[in-house]
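Have a look at the structure below before the remarks.
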Amino acid sequence: MKLLPLPAFQDNYLWLLHDGRQALVVDPGDEAPVRACLEANGLRLVAILVTHHHPDHTGGVAALREATGATVWGPARERIPEPFTPLADGDAVEVLGLRFEVIDVPGHTAGHIAYHCAEVDGAPLLFCGDTLFSGGCGRLFEGTPAQMHASLARLAALPGSTRVCCTHEYTLSNLRFARAVEPDNEDLRAYEAECVALRARGEPTLPALLAREQRINPFLRTAEPAVAAAARLHAGADPADPVAVLAAIRQWKNDFR
Ligand code: ZN
Ligand code: FE
């Protein structure tokens with residue numbers, strides 16, 4: 001299996017997974033990079049998986065479906081280009097000989113879903129849209145801090161070897177903020193240096209490794225004393241309440257330059 005992050009727009013990745021003949025794509029906000037990749041590699045698109053309704057994740061769905069006949073799956077509780085097979089928590093998608101389990105992850109949008117496959121070439125794979133980013137999380141456009149906290153907790157409970165396919169290259173700016181929250185986190189410092197080097201070579205920082213996110217991502221670390229203390233100092237958040245800590249650092253990040 002080959003996993004490719006196709007760059008689109010300013011900083012999106014359209015994730016394409018293929019076996020040399022057939023392909024699936026996740027959140028194709030734009031059809032052009034997907035069609036170019038299919039042609040260059042002689043692939044047939046069989047499946048389109050959508051995580052949430054935002055245009056940068058759905059803009060190419062209709063054109064790709066029409067051009068390829070691919071089947072579209074998406075969140076049952078959101079409006080995306082019809083027709084599609086609606087999915088909710090606990091459902092599964094069988095495609096390319098793989099089984100992707102659906103996890104409800106409300107927060108960024110109200111009906112956002114993620115797709116997790118227990119094993120692709122030896123390690124789990126997660127397509128999580130705009131819920132979990134490397135070093136950060138999505139903005140709360142439609143959901144509450146409590147929902148995002150619960151969603152991130154579910155993703156964080158997946159195996160540490162999970163490769164996290166986030167939809168945006170936000171890593172460097174996320175890590176700059178994470179350092180403001182946890183200036184003494186050595187793992188964070190080392191990871192940031194790695195990511196700076198990758199970006200300097202024009203390479204993606206993704207997929208991210210979930211085990212590392214546990215050590216560096218403040219939004220997965222709301223119960224850590226250092227993160228809770230920073231949230232209290234910055235915004236007066238109750239350090240014993242992980243939801244209040246998440247709300248405080250999410251707001252802090254929104255205003256962080
Ligand atoms: Zn979005
Ligand atoms: Fe997005």
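The values are calculated or read from the model by the stated rules, or taken from the named source; none is laboratory data. This structure is a prediction, so every number in the text was calculated from the model and none was measured. Neighbour counts run over all protein chains shown; Cβ positions are idealised from the backbone, glycine included. Side chains are part of the model used for accessible areas, which takes the heavy atoms of the whole protein and leaves out ligands, DNA and RNA. Shrake-Rupley method; radii C 1.70, N 1.55, O 1.52, S 1.80 Å.
Observations on the model:
- Residue within the stretch 150-159 that is within 29 Å of Val196 (Cα to Cα), within 13 Å of ligand 1 (Cβ to nearest atom) and not acidic (Asp, Glu) present: no
- Options Glu94, Glu78, Glu101: the member that is open to solvent by 10 Å² or more (accessible area, probe 1.4 Å), among the acidic types (Asp, Glu), more than 16 Å from ligand 1 (Cβ to nearest atom) and touching a residue at least 12 places away in the same chain (Cβ under 8 Å): Glu101
- Residue in the stretch 48-67 that is closer than 19 Å to Gln214 by Cα and within 16 Å of ligand 1 (Cβ to nearest atom) present: no
- Verdict on Ala150 being assigned to a helix (DSSP H, G or I) and surrounded by fewer than 16 Cβ atoms within 10 Å (Cβ to Cβ): no
- Of the residues screened, Val26 is one that is within 16 Å of ligand 1 (Cβ to nearest atom) and in contact with a strand residue (DSSP E or B) (Cβ under 6 Å, 6 or more places away or on another chain).
- Tallying residues that are in contact with a Gly (Cβ under 6 Å, 6 or more places away or on another chain), farther than 15 Å from Asn217 by Cα and within 16 Å of ligand 2 (Cβ to nearest atom) within the stretch 141-156 yields 1.
- Just one of the listed residues (Pro204, Pro225, Pro239, Pro159) is within 16 Å of ligand 2 (Cβ to nearest atom) and out of contact with any Gly (no Cβ under 9 Å at 6 or more places or on another chain), namely Pro204.
- So Ile80, is it within 17 Å of the chain's Cα centre (by Cα) and among the aliphatic types (A, V, I, L, M): no
- Of the helices (runs of 4 or more DSSP H) lying entirely inside the stretch 172-257, the ones with 1 or more residues being touching a residue at least 60 places away in the same chain (Cβ under 8 Å), buried (at least 16 other Cβ atoms within 10 Å of the Cβ) and more than 22 Å from the chain's Cα centre (by Cα) are found at 242-255.
- Taken together, the criteria place Glu169 among residues that are in contact with a Ser or Thr (Cβ under 7 Å, 6 or more places away or on another chain) and surrounded by 15 or more Cβ atoms within 10 Å (Cβ to Cβ).
- Counting only helices (runs of 4 or more DSSP H) that fall entirely inside the stretch 1-116 and contain at least 2 residues that are within 14 Å of ligand 2 (Cβ to nearest atom) and not polar (S, T, N, Q), the qualifying elements are 55-58.
- Counted residues, the stretch 117-134 - those being within 13 Å of ligand 2 (Cβ to nearest atom) and aliphatic (A, V, I, L, M): 1
- Contact annotation: residue pairs with Cβ atoms under 9 Å, 6 or more positions apart or on different chains, pairing a residue in the stretch 39-58 that is free of Cβ contacts under 8 Å to residues at least 60 places away in the same chain and basic (Lys, Arg) with a partner that is more than 16 Å from ligand 2 (Cβ to nearest atom) and in a helix (DSSP H, G or I), are Arg44/Leu38; Arg44/Thr68.
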